[in-house]
Each structure stands twice: as C-alpha cells, then as structure tokens.
Amino acid sequence: MFFKKKILQDSFLIIFSVFAIAACHTAKKLNAGYRNNNNGFIIFNDPRIQYEGRIGEKDAAAELYWSGATARLRFNGTGIKALLQDYNGQNYFNVIIDGESIRKIKIDSIKKLYSLAENLPPGEHVVELFKRTQINEEYNRGYTRLYGFELNDGKMLSPPAVKKRKIEFYGNSITCGHAIEDTSGGDSGAGIFENNYLSYAALTARHYQAQYSCIAVSGIGLMSGFRKLIMPEVYDLLNPFDSTDFWNFAKYIPDVVVVNLLQNDEAVISNPGSEHFKRRFGNTVPTDEFIINAYKKFILKLRTHYPGASVICALGSMGITRPGSKWPGLVERAVSELHDGKIYTLFFKYKETAGHPRIAEQKIMADSLIKFIDAHIKW
C-alpha cells in the first residue's frame, strides 16, 4: 500500500512539473510576442520610441526626470495608451498628437495605463508625452517611469526623422515655467500651474525644430538660492535625486547652450540676514569679483563638455534685469574676461509685473531669444 501511494504521489509530481514547465515556457513565449509584435504593447526601450532630455533606465522602465523630457512615437491607428507610474503623483504631462498639445494628464504613484488619444482619424499619427513639471526635492516632486505604450489598434511605425539641431538650457523657475498658467492672481508653485511646454526655452526649441534638453529647478542658484543644492552641484547629474548618478555628456552635444541663472543668487545675496545666505556665505557678503569668478567657473565647466557650442549667458526677465541692477554688468564682465568669441550675453527686458512670467511674457522672452540667435549664431 505504501509503495502504491508513493508511486501515485511521484506520478502526480512529475505530471504537475511537466505542466508547470510547459506553462512557464508558454507564458514566456506569449510575453515575448506581446512585447515585440507591431500591435499591442511596445516596451519602453523599443528603438522606435524617440526620447529627448536626460532619460534614465531602471526597473524595466524609462525614467523621465527634468522638465521637458519627452517620449515620442509614430503609429498607424486610432488610439494609444501609456503605462506610467510617478514618484509620488505630483507630475503632469502634456499629451501632444500630431504637433498639437491636446491636454494634460496627472500621473499617479500607482502604475497604470493612461489613455492618451482615442477615436483619431484612421491613419498615421505622432504622439508625444512631454513632462511639463520639474523635478524638485523640496517640492517632493520627482521622476516619472514610462514602461511603454499600448496601441488600441493598428501598428507602430518607424520613428520620426531625428531633429538636426540641438539646444540645451540651464535655469531656474523662469525656465521651468513655474506658475505660467496661474491666473488666480497668485504665484503658485503647484504642478497644475507649471508648464514647461510654454516656457521661452521650449518655445525657442520648437521654433528651430531642435532637440531640447532643459536642466532647471525652481529656487536654484549658481552660488546660492532657495534650495539645498546649487546648479554646479546638479548640472552634471542624470537623476538629481542621486548625487552619484552622473550624466554622460557625450550622449547629447548641443549646438546652442542658454544659461539663465542668478535670479535667486541676487535675492539671497541682497538679504544677508537670511538662513539661505548664512548657509552659503556665513557672515561674509560676496564681492563683485567673487560673483564674476563663480560665474566664469561655471561657464568654463560647460565649455569643457561642449567645446564647440555657442553659449548664451542670459538674465531675466524678473527683477534681476530691472533698471539700475548691477547684475547684467557683472555677467558682461565675466563673459569679456573669458575671451571666447562664441560666448554671448542676452538680457531679457524686465517684465515690470509681479511674480513669474506668464504665457504672454514667456512668449516675449522666446521672441527676444530667437531674434538674438538669428542675428548672432549660425547653426
């Protein structure tokens, strides 16, 4: 009896194992087909997905950190979804279909599918996911993970033609597009009001049909600011939440670099009694020479990474360019002392209104920058 029972148990185990192995192989096969065929799900690292900005890869997903980070693909069909998960549910994206920004979506901290477009006219379309909000540790606003796209029907196509020009921006809240859509009369830093897509930086990039990279954080400065870190401590990071995760500058060599900093430095340095001032300077007020040398040092860091780029040292359009401000003069002196014919200065006209630049004011800045580039830079 014992041996009969043992034989039955062994037979059951063998049969179960055979079925389990077969099921496992079937699942792998189905998963491979699901991920790689033209229809259905398209994984994040499919070469037909086109990215812009500093994009990381972790936990089987693309990580989108900085303002303006974009994922783009071309498909034939009538609808498309994206599988996304946010750091803590504070990031917003613009959904762009065939070059038109149709709506914004807020990404949840739970991984789930988002419908980007439905009932499109049958045929070829280009969809873009554009990160309109910044990564900012003090705001507790982080990155977003993109696991892939799912087509409602149709098939994925080869990627759009690669844009030939490349531009990169280093900036603060102005460049982020902080409060750009706040029409309440306030100047809120809430993600719902932020839209880098309408910032002067993104507008300029689209004007030139250029690839776009934006390294910007609200409150950040070159020497001091309202954040724990300053730009020289984050400018070379892929993920700014990880001080060991350095960006490989060889992956993106811009033709034009725009640096628009110092607004927060000016605010802190003009208030030597503040905790932000004391954290960086103690009880010593920085001299003009100190400021000039710090500015030169940062520009030279960029120059080592981008020896052939045209660099525009910009200021404004908030209080730092108001009449009587010394800061444009300091930047002019710094640039003149670099003796580099491809480094320029541009000072946006003081906007003369409270708070951050809104949509119309950002457009004025973009027009000014475009006019300057047309007059001085061939690319």
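The values are calculated or read from the model by the stated rules, or taken from the named source; none is laboratory data. The structure displayed is predicted, hence computed values, not measured ones. Here the Cβ is made from the backbone with ideal geometry for all residues, glycine too, and neighbour counts use every protein chain on show.
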Qualifying residue in segment 300-310 (condition: in contact with a Gly (Cβ under 9 Å, 6 or more places away or on another chain) and surrounded by 12 or more Cβ atoms within 10 Å (Cβ to Cβ))
no
Whether any residue in segment 88-105 is without any contact (Cβ under 8 Å) to a residue 40 or more places away in the chain, at positive phi, touching a Ser or Thr at 6+ places or on another chain (Cβ under 7 Å) and in the same structural domain as Gln50 (by TED's automatic domain parsing) is what I want to check.
yes
Spot the failing condition for Phe226; the list is (1) out of contact with any Leu (no Cβ under 8 Å at 6 or more places or on another chain); (2) under 23 Å from Ala161 (Cβ atoms), and only one is missed.
(2)
Looking at segment 196-228 only, could you name the residues that are among the hydroxyl-bearing types (Ser, Thr, Tyr) and either closer than 22 Å to Thr287 by Cα or surrounded by 22 or more Cβ atoms within 10 Å (Cβ to Cβ) (or both)?
Tyr197, Ser199, Tyr200, Thr204, Tyr212, Ser213, Ser218, Ser224
Being under 30 Å from Arg303 (Cβ atoms) and charged (D, E, K, R) is the requirement here; does Arg141 meet it?
no
Matching residues, segment 340-371, being surrounded by 15 or more Cβ atoms within 10 Å (Cβ to Cβ) and of a type in the set (D, E, K, R):
Lys342, Lys351, Arg358, Glu361, Lys363
Taking segment 88-123, which residues are more than 17 Å from the chain's Cα centre (by Cα) and of a type in the set (Val, Ile, Thr)?
Ile97, Ile102, Ile110
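Listed residues Tyr139, Tyr143, Tyr114; which is under 22 Å from Lys58 (Cβ atoms), at pLDDT below 95, in the same structural domain as Ala60 (by TED's automatic domain parsing) and among the aromatic types (Phe, Trp, Tyr)? Full working, then the answer.
Details: Tyr143 fails: at pLDDT below 95; Tyr114 fails: at pLDDT below 95.
Tyr139 is the lone residue from the list that is under 22 Å from Lys58 (Cβ atoms), at pLDDT below 95, in the same structural domain as Ala60 (by TED's automatic domain parsing) and among the aromatic types (Phe, Trp, Tyr).
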Residues of segment 182-231 that turn out to be closer than 15 Å to Arg132 by Cβ, more than 18 Å from the chain's Cα centre (by Cα) and of a type in the set (Asp, Glu), as a count
1
Considering only residues of segment 153-189 that are closer than 21 Å to Asn140 by Cα and touching an Asp or Glu at 6+ places or on another chain (Cβ under 8 Å), which is surrounded by the fewest Cβ atoms within 10 Å (Cβ to Cβ)?
Ser188
Tally, over segment 67-107, of residues that are under 25 Å from Glu168 (Cα atoms), outside any strand (DSSP E or B) and in contact with a strand residue (DSSP E or B) (Cβ under 6 Å, 6 or more places away or on another chain):
6
Strands (runs of 3 or more DSSP E) wholly inside segment 251-369 containing at least 1 residues that are touching a Ser or Thr at 6+ places or on another chain (Cβ under 8 Å) and farther than 19 Å from Ala205 by Cβ:
310-315, 343-347
Would you pick out the residues in segment 331-379 that are of a type in the set (Gly, Ala, Ser), in contact (Cβ under 8 Å) with a residue 12 or more places away in the chain and under 30 Å from Ile192 (Cα atoms)?
Ala354, Gly355, Ala366, Ser368
When you look at Ile215, is it assigned to a helix (DSSP H, G or I) and touching a residue at least 12 places away in the same chain (Cβ under 8 Å), yes or no?
no
Selected residue (criterion: farthest from Arg54 (Cα to Cα)) from residues of segment 258-267 that are crowded, with 24+ Cβ neighbours inside 10 Å and of a type in the set (A, V, I, L, M, F, W, C):
Leu262
Tell me yes or no: at least one residue of segment 180-197 is touching a Leu at 6+ places or on another chain (Cβ under 8 Å), in contact (Cβ under 8 Å) with a residue 60 or more places away in the chain and closer than 28 Å to Asn271 by Cβ.
yes
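In this structure, is Pro232 part of a helix (DSSP H, G or I), farther than 21 Å from Phe348 by Cβ and either in contact with a helix residue (DSSP H, G or I) (Cβ under 7 Å, 6 or more places away or on another chain) or among the hydroxyl-bearing types (Ser, Thr, Tyr) (or both)?
The answer is yes for Pro232.
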